[in-house]
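The block underneath contains the structure these notes are about, expressed in structure tokens.
The values are calculated or read from the model by the stated rules, or taken from the named source; none is laboratory data. Because the structure is a prediction, the values reported are computed rather than measured. When we count neighbours, we look across all protein chains shown, and the Cβ atoms used for this are built from the backbone with ideal geometry, even at glycine. Areas reflect the complete protein model, heavy atoms only, side chains present, ligands, DNA and RNA absent. Shrake-Rupley method; radii C 1.70, N 1.55, O 1.52, S 1.80 Å.
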Amino acid sequence: MTVATSYGIPVLEQLQAQSLNTANQSDAIKLKNIRPATNGLMLNMNANPQIRIQREDNPSRLILDLQNTSLAKELHQANLPINRFGVKQVRVAQFQNSPEITRLVFDLDSNDPNSKITWKSQYIAATNTLLLSPENQVAQAIPIDSNPTSPGPTPINPPSTISSHAVIERLSFSSTGQLLIFANQPFNYQTRLDRTSGIFNVIVANAKISSNLQRPSLTANSPIERIRLSQVGSSVEIAIKTIAGWQVRETQRFTNQQIQLQVSLNSNSPFPNNQNPLPNNNPSIPNPQNTGDRRRGVIFVDAGHGGNDPGAVGNGIQEKDVVLPISLKLGQALQSMGYTVYYTRTNDVEIDLEPRVAAAERINADVFVSVHANSLAPGNSGISGVETYHSRNSTIGRELASYVHSQIISGTGANDRSVRGAGFYVIAKTSMPAILVETGYVTNPTEARNLNSPDYQKRMADAIARGIDQFMRVRGR
Ligand SMILES: [Zn+2]
């Protein structure tokens, strides 16, 4: 019987250690006054705000959210009649307090073709004026409050177009592994996680996909399986599918022209985030020795059995329960040597053989090591010791097995039951150098006690790690 497969995959610290730095957000901007002008609307404010724009139908309106902007109290819920440019009136309100957002709602006359006009903004620092004007109008700001002795309006920032459509221009990964989505202008979006399919959807309203869309190539070991963009009506839908065990989450937004998504371990994965059995993965403590890159190589650690499959049983011990701590200790030892480590499982879950191999192939591991324990029929309880298996015809597998096996024998003092070729699925089907270590016999009372001892487990794990490290060094890694 099979339960849902899930791979315990290590935390890549750089994905988690991102700082949600808000310190560099600009100081609050204040909107002090707003009045109609011949060429649009003039807003008196001390700085140029970021503007998020959204066009809505029924009733037809344009919504402008001025980020980080507080509104003079007397203007809250003010109505400003316009009756030009297809705009009936503008309503003003303090939409949000933390962070502060001032909202302007342009109530449009949908019968007026001008209501389709694109608006643009221009900030004139010399007069503290933000001019909002229809695109086809000439921007000619004549602020009523201007000081006649001042040198006149000086555009400081190039005009930014506020159109009803954002163009999705680029998707890329940041150096810290976040997936970033860029558009040519501020936009609104919603996100939705479909838990059944594991697909994370970003729906950007009033948007188009650039014909020159740039997107990242997904490497074989990317936790993202695919990214699909589609135009659905006036929205762009971006569907992001992760491999099992991973998920996409939205992080705090820095600008309103960019979406920042974090790819991380699935919170529904077998181990709870706050009580994580994985070593060295406290997200708040970056581990310089496992930076997630492939410099020293990627080792796939496969703890045998799990869940409803106990594996070998003897002397009150189940194989699945002793190979897991050995595997976790092995991963820890390898990480401390600078290797990137992936696990098939980090707790007591059942996983088929096929997805174990598929996961190792997916991340393109340099070495696959499967950790098991053995048993014999009653009457053979005297037999103990370690066997290290490689795929029958694999020379490189046998080389890896030899390094690891001799380290185990010298490091643990276990009986040497030799390096052997075999056709076990996980070592036969993997394309990288692969071994399966039978770490001892649970049917032997002494060895069962050893396998159940944290000290012995650590000696076993350290020995396997040393053998893998020797193998990797000989191969120039
Ligand atoms: Zn086994």
Practice problem: Kindly check whether there is at least one residue in region 129-137 that is under 36 Å from the mean Cα position of the chain (by Cα), at pLDDT 85 or above and more than 20 Å from residue 59 (Cα to Cα). | Solution: no
Quiz prompt | Candidate set from region 308-337 (those that are small (Gly, Ala, Ser) and open to solvent by less than 20 Å² (accessible area, probe 1.4 Å)); member that is farthest from the ligand (Cβ to nearest atom) | solution = 333
Quiz item: Restricting the search to region 111-125, which residues are exposed (fewer than 15 other Cβ atoms within 10 Å of the Cβ) and part of a loop (DSSP other than H, G, I, E, B)?
Solution: 111
Quiz prompt | region 354-389, subset part of a loop (DSSP other than H, G, I, E, B) and more than 23 Å from residue 315 (Cα to Cα), residue farthest from the ligand (Cβ to nearest atom) | solution = 364
Practice problem: Return the only residue of 473, 417 being within 16 Å of the ligand (Cβ to nearest atom) and free of Cβ contacts under 8 Å to residues at least 40 places away in the same chain. | Solution: 417
Quiz item: Which members of region 52-106 meet the condition of being part of a loop (DSSP other than H, G, I, E, B) and among the aromatic types (Phe, Trp, Tyr)?
Solution: 85
Practice problem: Can you confirm whether region 358-366 contains a residue that is open to solvent by less than 10 Å² (accessible area, probe 1.4 Å), within 23 Å of residue 428 (Cβ to Cβ) and touching a helix residue (DSSP H, G or I) at 6+ places or on another chain (Cβ under 7 Å)? | Solution: no
Exercise. Quick one: count up the residues across region 81-97 that are open to solvent by 20 Å² or more (accessible area, probe 1.4 Å) and within 15 Å of residue 45 (Cβ to Cβ).
Key: 1
Self-check item: Pairs, first open to solvent by 20 Å² or more (accessible area, probe 1.4 Å) in region 427-439, second more than 12 Å from the ligand (Cβ to nearest atom) and of a type in the set (S, T, N, Q), C-beta under 6 Å, six or more apart
Solution: 428/391
Quiz prompt | Flag for residue 54 being more than 18 Å from residue 206 (Cβ to Cβ) and either under 33 Å from the mean Cα position of the chain (by Cα) or open to solvent by 20 Å² or more (accessible area, probe 1.4 Å) (or both) | solution = no
